[in-house]
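Everything below concerns the one structure shown next.
The values are calculated or read from the model by the stated rules, or taken from the named source; none is laboratory data. The shown structure was predicted, so the numbers you read here are calculated from the model rather than taken from an experiment. Cβ placement follows ideal geometry from the backbone for every residue including glycine, while neighbour counts extend to all protein chains displayed.
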Amino acid sequence: MSRSTNCTFTCPCGEVYSSPIYEYVNIAQNPQLRYTVLAGLLNVATCPVCGRRSALARPFIYSDPAQNLLAYVHPRADAPEEARQLILEKLRSVYVEIDSRNVEIQAETAHDHSKNGNGSSDLNEMPPLRVVFGLDSLTELMNAGLSQDEKLGRLALSTQSRDSAERGQMFIIARKLASEMQCQVEVEDLPDEYTVWLYGSRRQIGALMRELAPRG
């Protein structure tokens, strides 16, 4: 399961609000987060009053077993070389320790199974850990393993109405559609325009567009 903590933000407009900040993203358990990452919105908080966004540059682990992708993501693409080497050395020692423990567990499990006439192990090997600097590097790795239909698609529903009930109804409809299609929802609530963004695969967004198209 993905792990996050709620962080408190103070917007320049004066609003104080909380937003989840992820330290571990597991796509197998939370597939919609793939498109949050691809959209550049992971660990980005949006003020519920003025819509201003605040990004928290925090390292996180990205895991997508189906793509055999496990990555430690440092948010700064311009990290100095000395800092990069320190990070790499630290991660290498931690990863080797974890991997060696995993091998020991698998060996013990295989030994136990052999006693029962079954030499196979149910534990999967860990994929190689990649270390990337900057979200752009991560999205390149992600896109390399996705088909055209699986790549990022987006759809915007917007209104210039200032009526809170109308805006709320739009959000309810968008959230229901997003839930059914396992898409991600992002809101831009501005005084003169209210926009609900839906992020998902191109296949999912295409299906949403067909669902919303006027019936002739």
Which numbered condition residue 200 fails, given (1) among the small types (Gly, Ala, Ser); (2) buried (at least 18 other Cβ atoms within 10 Å of the Cβ); (3) more than 22 Å from residue 36 (Cβ to Cβ): (3)
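Mind listing whichever residues of segment 187-197 are buried (at least 19 other Cβ atoms within 10 Å of the Cβ) and under 17 Å from the mean Cα position of the chain (by Cα)?
Going through segment 187-197, the residues buried (at least 19 other Cβ atoms within 10 Å of the Cβ) turn out to be 194, 196-197.
197 - this is the single residue of segment 187-197 that is buried (at least 19 other Cβ atoms within 10 Å of the Cβ) and under 17 Å from the mean Cα position of the chain (by Cα).
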Answer residue from segment 54-86, given it is of a type in the set (Lys, Arg) and under 22 Å from the mean Cα position of the chain (by Cα) and is surrounded by the most Cβ atoms within 10 Å (Cβ to Cβ) among those: 58
Near pairs, Cβ below 8 angstrom, 6+ apart or cross-chain, from segment 152-172 (exposed (fewer than 12 other Cβ atoms within 10 Å of the Cβ)) to any residue that is outside any strand (DSSP E or B) and not hydrophobic (A, V, I, L, M, F, W, C): 160/192; 160/193; 162/191; 162/192
Identity of the residue in segment 1-26, touching a Cys at 6+ places or on another chain (Cβ under 7 Å) and not hydroxyl-bearing (Ser, Thr, Tyr), that ends up surrounded by the fewest Cβ atoms within 10 Å (Cβ to Cβ): 13
Matching entry among 83, 66, 28 (being touching a His at 6+ places or on another chain (Cβ under 9 Å) and either of a type in the set (A, V, I, L, M, F, W, C) or touching a residue at least 40 places away in the same chain (Cβ under 8 Å) (or both)): 83
Test for residue 110: is it at pLDDT 55 or above and either farther than 22 Å from residue 144 by Cα or within 26 Å of the chain's Cα centre (by Cα) (or both): no
Some residue of segment 47-68 being modelled with pLDDT under 90, part of a strand (DSSP E or B) and among the hydrophobic types (A, V, I, L, M, F, W, C): yes
Any hit, segment 190-197, residues being more than 20 Å from residue 41 (Cβ to Cβ), among the acidic types (Asp, Glu) and free of Cβ contacts under 8 Å to residues at least 60 places away in the same chain: yes
Among residues of segment 27-39, those that are loosely packed, with under 15 Cβ neighbours inside 10 Å and not hydrophobic (A, V, I, L, M, F, W, C), counted: 1
Candidate set: segment 23-32, residues that are touching a strand residue (DSSP E or B) at 6+ places or on another chain (Cβ under 8 Å) and closer than 17 Å to residue 65 by Cβ; chosen: the one modelled with the lowest pLDDT: 32
